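Peer 1: Just passing along the structure, written as structure tokens.
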Amino acid sequence: MGKIIALANQKGGVGKTTTAINLAASLAVIGKKILLVDADPQANATSGLGLDINGANIYDCIVGEKGAEEVIVASPDIKRLSIMPSSINLVGADTELAEMEKGHFRLKEVLTPVRDKYDFILIDCSPSLGFTTVNALVAADSVLIPVQCEYFALEGLGKLLNTIKMVKGQLNPALEIEGFVLTMYSRTRLANQVSMEVREHFGDLTFETIVQRNIRLSEAPSYGKPALLYDASSVGSVNYLNLAKEFIKRNKNKRS
């Protein structure tokens, strides 16, 4: 059975979607079968992998018009990587999910029929703690939290952790924290201080791999490609490949 990981942080601009795209691509290149679920109405993970944001998408699944297999598409560039696209229509999902019976479990119901087909399913959540994000947390086995190495990095994390605690207590007892990934690192005193603070707060839950601030990571989505296809030798591409290797190693250790 594939493991489902939600990538969440209600603070925007922390590298969440960049991490979702590039971790998914790196895991696929390493040899894992991956599904990236774009659960953000901005649909940046969809467009960042060169896919049409106007086709069938996750919203059609949530409202029951299509099944997961009908909207999932294979990456045009990377073997073993598939995507469940998003679109602006997902903006209305919070209201519709709130009105559904067992609305908290809708995304879990959508993903259950395809779960066994993948090693890992990554869900790129929206930068909010609304009904759609809670749906992702209910569907997930764990949560991966990107934290940018900038001022106010820890601001708002309390709300996210409280939401995770609430979901774990009331809706998904098996939910765990996969870890914290330090992103947007630059060689400054502030970035080093933030990195130290995160490691002091969260200890071994913090990944050793740090994603450095890198212009290639910023440029790649405009070409509809992950960094490793846009510039395989770039610092950002190497960082995410290393993160993928650490991610796999951690999961092997957990299973053993």
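The values are calculated or read from the model by the stated rules, or taken from the named source; none is laboratory data. Bear in mind that the values here come from a model prediction, so they are computed numbers and not experimental data. Here the Cβ positions follow ideal geometry from the backbone for every residue, glycine too, while neighbour counts run over all protein chains shown.
Peer 1: Exactly one of (1) on the phi > 0 side of the Ramachandran plot; (2) touching a Ser or Thr at 6+ places or on another chain (Cβ under 7 Å) is unmet by S82. Its number?
Peer 2: Going through (1) on the phi > 0 side of the Ramachandran plot; (2) touching a Ser or Thr at 6+ places or on another chain (Cβ under 7 Å) one by one, S82 breaks only (1).
Peer 1: When you scan the range 216-231, do you find a residue that is closer than 18 Å to I5 by Cα, at pLDDT 95 or above and out of contact with any Lys or Arg (no Cβ under 9 Å at 6 or more places or on another chain), even just one?
Peer 2: No.
Peer 1: Pull up the range 4-28, narrow it to residues that are β-branched (V, I, T) and farther than 17 Å from N251 by Cβ, then point me to the one that is surrounded by the fewest Cβ atoms within 10 Å (Cβ to Cβ). Break it down stepwise before answering.
Peer 2: Taking the range 4-28 first, the residues β-branched (V, I, T) are 4-5, 14, 17-19, 21.
Applying the additional criterion that residues be farther than 17 Å from N251 by Cβ yields 14, 17-18, 21.
Numbers: V14: 22, T17: 26, T18: 26, I21: 28.
Result: V14.
Peer 1: Let me ask something additional. Taking helices (runs of 4 or more DSSP H) that fall entirely within the range 163-245, which contain at least 1 residues that are surrounded by fewer than 21 Cβ atoms within 10 Å (Cβ to Cβ) and free of Cβ contacts under 8 Å to residues at least 12 places away in the same chain? Full working, then the answer.
Peer 2: Values: elements: 189-202, 215-219, 227-230.
In the range 163-245, the matching helices (runs of 4 or more DSSP H) lie at 189-202, 215-219.
Peer 1: With the checklist (1) free of Cβ contacts under 8 Å to residues at least 24 places away in the same chain; (2) β-branched (V, I, T); (3) in a strand (DSSP E or B) in hand, flag the one item T112 doesn't pass.
Peer 2: Here T112 meets the rest and fails (3).
Peer 1: Looking only at the range 115-129, which residues are part of a loop (DSSP other than H, G, I, E, B) and in contact with an Asp or Glu (Cβ under 6 Å, 6 or more places away or on another chain)?
Peer 2: Of everything in the range 115-129, just one residue is part of a loop (DSSP other than H, G, I, E, B) and in contact with an Asp or Glu (Cβ under 6 Å, 6 or more places away or on another chain), namely S126.
Peer 1: Over 14 Å from the mean Cα position of the chain (by Cα), farther than 25 Å from A28 by Cα and not in a helix (DSSP H, G or I), is that true of L154?
Peer 2: Yes.
Peer 1: Still on this structure, I have one more. Condition first: crowded, with 18+ Cβ neighbours inside 10 Å and of a type in the set (D, E). Can you find one or more residues in the range 30-51 that meet it?
Peer 2: yes
Peer 1: Report those helices (runs of 4 or more DSSP H) wholly inside the range 1-91 carrying at least 3 residues which are in contact with a strand residue (DSSP E or B) (Cβ under 6 Å, 6 or more places away or on another chain).
Peer 2: Counting at least 3 such residues, we get 16-30.
Peer 1: In this structure, is D119 surrounded by fewer than 19 Cβ atoms within 10 Å (Cβ to Cβ) and either out of contact with any helix residue (DSSP H, G or I) (no Cβ under 7 Å at 6 or more places or on another chain) or small (G, A, S) (or both)?
Peer 2: On the way: surrounded by fewer than 19 Cβ atoms within 10 Å (Cβ to Cβ): yes; either out of contact with any helix residue (DSSP H, G or I) (no Cβ under 7 Å at 6 or more places or on another chain) or small (G, A, S) (or both): yes.
For D119, the condition - surrounded by fewer than 19 Cβ atoms within 10 Å (Cβ to Cβ) and either out of contact with any helix residue (DSSP H, G or I) (no Cβ under 7 Å at 6 or more places or on another chain) or small (G, A, S) (or both) - is met.
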